[in-house]
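Here's the structure, in structure tokens; my notes come after.
The values are calculated or read from the model by the stated rules, or taken from the named source; none is laboratory data. For clarity, every value in this text was computed on a predicted model and none was experimentally measured. Every residue, glycine as well, gets a Cβ built from its backbone with ideal geometry; the counts of neighbours run over all protein chains shown.
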Amino acid sequence: MRDLFLRLLRELRTLMPAPVKLKIGTRGSPLALWQARHVAGLLAARGSECELVIIRTKGDKILDVPLAKVGGKGLFVKEIEEALADGRVDLAVHSMKDVPAELLEGMIIGAVPERGDPSDVLVCREASGLSDLPQGARVGTSSLRRRAQLLALRPDLDIRDIRGNLDTRLNKLETQGLDAVVLAAAGMRRLGLADRITQVLPPEVMLPAAGQGALGVEIRANDPVTGPLVESLNDPLARITVTAERAFLLRMEGSCQIPVAAQATLSGGVLSLTGLVADLTGAPIVKATATAPPERAEALGLELADRLLARGGREILDRILACNP
């Protein structure tokens, strides 16, 4: 009887489909690896085996030049997209704030998992927060969006460009004599560094980048195997808010060369989106909020961008782009 049971069990196993093994393209930074492993874990819980494939991007290779001068869109994405396009990987995991508004042809964002905190945070060497920083304090950030909003509030600040992984930028507080650095809350929390946060900057003070705190799982369009597996990772709330923010970014021609920010929230069945575009010096700054039903997320982003462009945003963009052709 036991032999019969074992034979039936072996036959049953041969009829069961083998688990799908997926190759995940990712950058090699500690944060990128955390994010890729997180997605791998979600897929493993759904029966898929995953292998991480580390790919160096242009943004990883060029660390001695400010982001705005390196080349614009796709600095941390392009090489990974190319690996996805030619089949070296089956999917890619990105920080959504790094993903260009327009993807490589034939690619889609197959899933946006549950979103982390979209806020920016201030990590200070001695001060208790932004208002406590001394006159002329040296603040490190590689983001023109953060620079512009800081200068709008504190024109006296001495903004210093810093590049590198999260740990590297934290270390520069000491090695470069900075008084503070501005970083993303989600990255700090994911790497277990929440205790280093001095102040969480509310959106009224520092509106985050479109997609900040969210992960994007990029796949080839119409992939019959990967598509259905990845789709199960979607978080409806994250997908809706990121869709609105990225539509705004697309219309605003957003890249790391332009201070553009957007944050969407969903409450009581109403989707609210706040967006801004600013001059590099923080003045002028054009900001507005609009609402719509969640099913109009993309339209809301486009309409809000059009409103800001008509209110002076177009002049700001033209001026910046003329200086950075």
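Worth a mention:
- The set of residues in the stretch 12-30 being at pLDDT below 50 and among the β-branched types (Val, Ile, Thr) consists of 14 alone.
- Which listed residue, of 246, 239, is farther than 18 Å from residue 150 by Cβ, crowded, with 21+ Cβ neighbours inside 10 Å and charged (D, E, K, R): 246
- Any hit, the stretch 55-64, residues being more than 16 Å from the chain's Cα centre (by Cα), of a type in the set (Val, Ile, Thr) and at pLDDT 85 or above: yes
- Restricting attention to the stretch 191-236, the residues that are over 13 Å from residue 116 (Cβ atoms), of a type in the set (S, T, N, Q) and in contact with a strand residue (DSSP E or B) (Cβ under 7 Å, 6 or more places away or on another chain) total 4.
- Contact map, the stretch 115-143: residues that are closer than 13 Å to residue 208 by Cβ and modelled with pLDDT under 95 paired with residues that are crowded, with 21+ Cβ neighbours inside 10 Å and among the small types (Gly, Ala, Ser), Cβ distance under 8 Å, separation 6+ or inter-chain. Pairs shown: 143/209.
- Hey, residue 188 outside the structural domain of residue 159 (by TED's automatic domain parsing), in contact with a strand residue (DSSP E or B) (Cβ under 8 Å, 6 or more places away or on another chain) and surrounded by 20 or more Cβ atoms within 10 Å (Cβ to Cβ) or not: no
- For the stretch 183-200, the set of residues classified as hydrophobic (A, V, I, L, M, F, W, C) and over 17 Å from the mean Cα position of the chain (by Cα) consists of 193, 194, 197, 200, listed by residue number.
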